[in-house]
Amino acid sequence: MNRTPLFPSAASVIRPAPLPCAGPVTVPVPAAVRFRAACPDCRGRFELAAAALRLAIGATSRTTFYTFTCPECGASVRKPAGERIIELLTGGGVRTLRLHTAL
């Protein structure tokens with residue numbers, strides 16, 4: 001009788017080589033990621049693709065914000081970005097600018 005093992009033996013398992021830890025890892029983001037936003041000028045509500053948003057991360061909460069152009073009225077909108085917003089936008093593929101202070 002031919003017995004087939006349910007689990008592979010230790011000798012047959014191929015172990016991948018460890019990955020080098022040399023810098024940030026790029027995580028692929030689906031192109032269909034959309035963010036809900038609202039315009040304070042025209043009170044329009046809409047969804048924006050990651051490419052329509054920009055995130056600026058500064059040294060303080062006053063200098064950390066995201067921007068977009070309202071697709072309904074064309075106004076340039078700038079809103080503060082807390083930690084959770086930063087996490088969502090960076091994870092969704094929004095382009096990020098890090099602001100540095102001059103020494």
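Karplus-derived 3J(HN,Hα) values for the range 44-54, using 6.51 cos²θ - 1.76 cosθ + 1.60 with θ = phi - 60°, are x, 10, 7, 10, 10, 6, 4, 5, 8, 10, 9 Hz; glycine and proline are entered as x.
Here's how it looks for GLY44: its modeled amide H is under 5 Å from those of CYS39, which are all 5 or more places away or on a different chain. Here the ratio of the Cα radius of gyration of the range 54-103 to 2.2 N^0.38 Å is 1.20. Starting at the first residue of the range 62-69, write each ³J(HN,Hα) from the Karplus equation 6.51 cos²θ - 1.76 cosθ + 1.60 with θ = phi - 60°, in whole Hz, x for Gly and Pro. Here the 3J(HN,Hα) series is 6, 9, 10, 7, 10, 10, 7, 9 Hz. Surface composition of the range 64-103: carbon and sulfur atoms hold 54% of the protein heavy-atom accessible area at a 1.4 Å probe. Which of the trypsin sites (Lys or Arg not before Pro) found in the range 33-103 are in a DSSP loop and have at most 12 neighbouring Cβ atoms, other than their own, within 10 Å? Passing sites in the range 33-103 are ARG43.
The values are calculated or read from the model by the stated rules, or taken from the named source; none is laboratory data. Just so it is clear, the structure is predicted and the values come from calculations on it, not from any experiment. Quick reminder, even Gly has a Cβ in these numbers, built from the backbone with ideal geometry, and neighbours come from all protein chains shown. In case anyone asks, the SASA skips ligands and DNA or RNA and just uses the protein heavy atoms, side chains included. Shrake-Rupley method; radii C 1.70, N 1.55, O 1.52, S 1.80 Å.
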